[in-house]
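Working notes, structure below.
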Amino acid sequence: MVVCCGGHSTSGSSSSYGGLVIDLSKLRHVTVDPNQRTVTAQGGCLWKDVDDEAAKYNLACVGGTVSHTGVGGLTLGGGYGYLTSKYGLVIDNLLEVEMVLADGRIVTASKTENQDLFWAIRGAGQNFGVATSFTYQAHVQNTSVWTSILLFDKQQISNVINAANYLQEAGDGTSTVLAAFCAVPPECKEYGMLVVLFYNGASQDAETFFQPMLSLTSLSREDTVASYPTANALLNQAVEPGHRRALKGSATLAPLDPELAEEMFSDFEKFMQDVPDAKLSLVIFEYFSFKKINSVPQTATAFANRGALVPFVFAPGWNDEGNDAICRKWAGEMYAKLRARLMENISESKDEITRQGVGEYINHDSFGVGAKAAYGVNYERLFALKKKYDPGNVFGHGLNSLI
């Protein structure tokens, strides 16, 4: 038995051959309390549902970097988004969850009810039940946001990485940088780097802050001033459904070494040349400011991937079923190479939160690293809670099951 919210997972965790799928996709109602600035979303909602309804009240919730993701999977696994730099992870803004447990009980988990379950579901929630409702702390969003999408050729990779490193460190919570190796359209026979800049403020301030990136010579640049819901949908087409995909994420200590990025690009370029069908593939670097994330202790929630990190995702995308094995193998091999480097270097970090971090984000794990690797310092407590709330492992089909 598995649970499906938005069906955005590439791991198979929300599907089953010969089993039962609990499909929440008709539970799409969103309720806003403008006085308390809270948003309650049913378990089948997509982030577009939340974004659009909250915007009617000049509010916004932390919620992803595309809006066709389901709220359930993103939230229960931790949740990064454009607003993370200022407000933290999705789970850091989660107030309450209604959940159906393995024994059929319907319970509320929050800081005042079933506190141990609330701790567990913030990062490992898929192990504990069916989340039928989420209540989030929303934030005032009464202004437009500025975005820019730039495309660079491969000669600019080191310069782009240096600029992104600087911007991650200099950010005060209003900015986010996403960067990705990609095939350069329209022919997709050359390879370069796509950069998305997000600034929650005035255009003039954005252009001043992002000058280290904007001053670089780009192949194209498109600036937009739009509502937050529109900005959160900018990349929807880049990861649209209907293709074959895999995800495998890891991280590197911040700042990202430009030489390492160049090496990663060489591997990416060779893969793309060897497998032309994989022209949808990306290697994504997520430059969220980690100051707010790291203001929460590593053991405050089950999520164990806080730290001074640059998360990245190997995301092959292809159409021919005959390329399934080679595309997934490439993602796994790239992950293994970069994972080894992270483990060699993480002990050198200056702060305890980073040293305790696992460098694993389960929402970007199509292959399954195992629960101990995924939850690190929080694994033992999670294992005990799993035996309390789901001793028969009813919710154990997905990757990184605790039992």
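Heavy-atom accessible surface of Tyr166, to the nearest 10 Å², is about 130 Å², with a 1.4 Å probe and all protein chains retained. Using heavy atoms of the protein chains and a probe of 1.4 Å, the accessible area assigned to Leu27 is about 60 Å².
Roll a 1.4 angstrom probe over the protein heavy atoms and tell me the percent of accessible area of region 215-351 that is carbon or sulfur. Please list the in-between numbers first.
Details: 3150 of 6100 Å².
Here carbon and sulfur together make up 52 percent of the probe-accessible area.
The structure shown yields Cα Rg over 2.2 N^0.38 Å, and of the options (1) 0.94; (2) 1.07; (3) 1.13 that calculated value carries the label (1). Put a dot 7 Å past the Cα of Thr208, heading toward its Cβ, do the same for Ser295, and the two dots end up 2.3 nm apart.
The solvent-accessible area of Val97, taken with every protein chain present and a 1.4 Å probe, is close to 0 Å². Here is the list for region 53-149: trypsin sites (Lys or Arg not before Pro) lying in DSSP coil, each with at most 13 other C-beta atoms within 10 angstrom of its C-beta, are Lys56, Arg105, Lys111. Shape analysis of region 134-274 places it in the prolate category; the axes a ≥ b ≥ c from the Cα gyration tensor give an a/c of at least 1.5, with a/b above b/c.
Which order do you get for Leu253, Leu117, Leu219 if you rank them by accessible area with a 1.4 Å probe, largest at the top?
So the residues, ranked largest to smallest area, are Leu219, Leu253, Leu117.
These residues, Ser347, Ser67, Ser227, go from largest to smallest accessible area, 1.4 Å probe, as Ser347, Ser227, Ser67.
The chymotrypsin sites (Phe, Trp or Tyr not before Pro) of region 262-297 include none that meets both conditions, a loop assignment by DSSP and at most 12 other Cβ atoms within 10 Å of the site Cβ.
When the solvent-accessible surface of protein heavy atoms is calculated with a 1.4 angstrom probe, in what order do Ile293, Ile326 fall, highest first? Mind showing how you got there, number by number?
On the way: Ile293 10, Ile326 80 Å².
Accessible-area ranking of Ile293, Ile326, largest first: Ile326, Ile293.
At 222 nm, what helix-only mean residue ellipticity would the chain give, in deg cm²/dmol to the nearest 500, using -39500 (n - 2.57) for each DSSP H run of four or more? Can you show the working numbers first?
Details: 13 runs with 119 residues, N = 403.
Rounded to the nearest 500, it is -8500 deg cm²/dmol.
Label region 285-392 by shape, choosing from rounded, prolate and oblate, from the square roots a ≥ b ≥ c of the eigenvalues of the Cα gyration tensor; if a/c is under 1.5 it is rounded, and otherwise prolate applies when a/b is larger than b/c, oblate when it is not. Since a/c reaches 1.5 but b/c is at least a/b, the shape of region 285-392 is classed as oblate.
Across region 224-229, computed HN-Hα scalar couplings (Karplus, 6.51 cos²θ - 1.76 cosθ + 1.60, θ = phi - 60°) run 9, 10, 8, 5, 4, x Hz from first to last residue, x flagging Gly and Pro.
The values are calculated or read from the model by the stated rules, or taken from the named source; none is laboratory data. Values in this document were obtained by computation on a predicted structure and should not be read as measured data. Because the Cβ atoms are built from the backbone with ideal geometry, glycine has one as well, and the counts that use them run over all protein chains shown. What goes into the accessible areas is simple: the full protein's heavy atoms, side chains included, and nothing from ligands, DNA or RNA. Shrake-Rupley method; radii C 1.70, N 1.55, O 1.52, S 1.80 Å.
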